[in-house]
Ligand SMILES: Nc1nc2c(ncn2[C@@H]2O[C@H](COP(=O)(O)OP(=O)(O)O)[C@@H](O)[C@H]2O)c(=O)[nH]1
Ligand SMILES: [Mg+2]
């Protein structure tokens, strides 16, 4: 069968399904991406293990056939991997689009069933950051560890609808989800069910796969959004800074007014003291005139008083000068 006959292109599809299916596994380390990929291919194409460190550091591709269709799967490095930075993982995830040229038909968002904590939410955020938020329109949520579910349990009612974050994610993925039991991967119905969902992704997107053009457009949009966000953040910071400066200015003004009114009171007090001293000065001068020539003792006494008075006067003038620097100590006017 010629692959081209059924392969996706950017045009409207001629068929409701495609001979070739290109899929990308996305999810947290340990969520079961490699195990699910192996279940889909029906063989152990990827290494899958219990340990928490990511086994897959680079994207790895494997192919297989399923009921007459050719499947190409890309296993990706785990998100929130303790040994790689989010930037390194995101860069590698972006490569998935070119590695599956002309682009993947769907992304499989893999979660361990019953786990949708802050970590899983962070993983979804990083997927959106790497591929653009539109990626959810090309995704199917895959829950692993289906074998741990009691048979009678309804995944939709008991797990999805009871978890707001998960319900929102599934809704954004067009309501597409399926449960995988990788422990007993002999059951092929789960693969059929998954492929039917992948076909519905194609239909929902007018037959287009997720091309590098879309990724580029998403990157440009995200870069623009980031710029806008940075600008808004900067404006916000400047506003906060201006408010803080205004508050400091107001406080400073209030303190200055307090000091000024205190200084004015003190200047008044000093003026009063100076007035007293001046009167004393005049009185002393008068007394000096009266006692002149009455003996050595009175001259020395008068001289000492004079010195004390001059010192006090000098200190007072300096104080006034400090509080009232414009007038200075020379040529003071009262
Ligand atoms: N019981 C059970 N174990 C699973 C299932 N899927 C994955 N696992 C186990 O979960 C662990 C992590 O799986 P792995 O595929 O390596 O996760 P990855 O890091 O996302 O690739 C392995 O020990 C798997 O055997 C499942 O459906 N049922
Ligand atoms: Mg793996």
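Among the residues making up segment 170-197, those that are touching a strand residue (DSSP E or B) at 6+ places or on another chain (Cβ under 7 Å), within 13 Å of ligand 1 (Cβ to nearest atom) and assigned to a loop (DSSP other than H, G, I, E, B) are 180, 182. Looking at 126, 134, 84, just one residue is in contact (Cβ under 8 Å) with a residue 24 or more places away in the chain, away from ligand 1 (no atom under 15 Å from the Cβ) and on the phi < 0 side of the Ramachandran plot, and that residue is 134.
Of the residues making up segment 142-156, just one is touching a helix residue (DSSP H, G or I) at 6+ places or on another chain (Cβ under 9 Å), assigned to a helix (DSSP H, G or I) and closer than 18 Å to residue 192 by Cα, namely 146. For residue 142, the conditions (1) crowded, with 17+ Cβ neighbours inside 10 Å; (2) modelled with pLDDT of 90 or more; (3) away from ligand 2 (no atom under 16 Å from the Cβ) are fulfilled apart from (3).
Does at least one position in segment 46-57 carry a residue that is away from ligand 1 (no atom under 13 Å from the Cβ) and either in contact with a strand residue (DSSP E or B) (Cβ under 9 Å, 6 or more places away or on another chain) or closer than 23 Å to residue 207 by Cβ (or both)? Taking every residue of segment 46-57 in turn, none turns out to be away from ligand 1 (no atom under 13 Å from the Cβ) and either in contact with a strand residue (DSSP E or B) (Cβ under 9 Å, 6 or more places away or on another chain) or closer than 23 Å to residue 207 by Cβ (or both).
Can we say residue 214 is over 20 Å from residue 28 (Cα atoms), buried (at least 19 other Cβ atoms within 10 Å of the Cβ) and within 30 Å of the chain's Cα centre (by Cα)? Yes, satisfied. Within the option set 254, 271, 265, being more than 31 Å from the chain's Cα centre (by Cα) and farther than 26 Å from residue 314 by Cβ holds for one residue only, 254.
Scanning segment 66-76 for residues that are away from ligand 2 (no atom under 11 Å from the Cβ) and either at pLDDT below 95 or in contact with a helix residue (DSSP H, G or I) (Cβ under 9 Å, 6 or more places away or on another chain) (or both) turns up 66, 67, 68, 69, 70, 71, 73, 74. Within segment 205-213, does at least one residue satisfy the condition of being within 16 Å of ligand 2 (Cβ to nearest atom) and touching a strand residue (DSSP E or B) at 6+ places or on another chain (Cβ under 9 Å)? So far as segment 205-213 goes, no, none of its residues is within 16 Å of ligand 2 (Cβ to nearest atom) and touching a strand residue (DSSP E or B) at 6+ places or on another chain (Cβ under 9 Å). Taking each residue of segment 186-204 that is under 10 Å from residue 105 (Cα atoms) and in the same structural domain as residue 107 (by the TED database) and looking for partners that are assigned to a loop (DSSP other than H, G, I, E, B) and at pLDDT below 90 with beta-carbon atoms closer than 7 Å, six or more apart or interchain, yields 199/16; 199/17; 202/8; 202/13; 202/18.
The values are calculated or read from the model by the stated rules, or taken from the named source; none is laboratory data. Computed from a prediction, not measured in an experiment: that's the story for all the values here. Don't worry about glycine lacking a Cβ; one is built from the backbone with ideal geometry, like all the others, and counts go over all protein chains shown.
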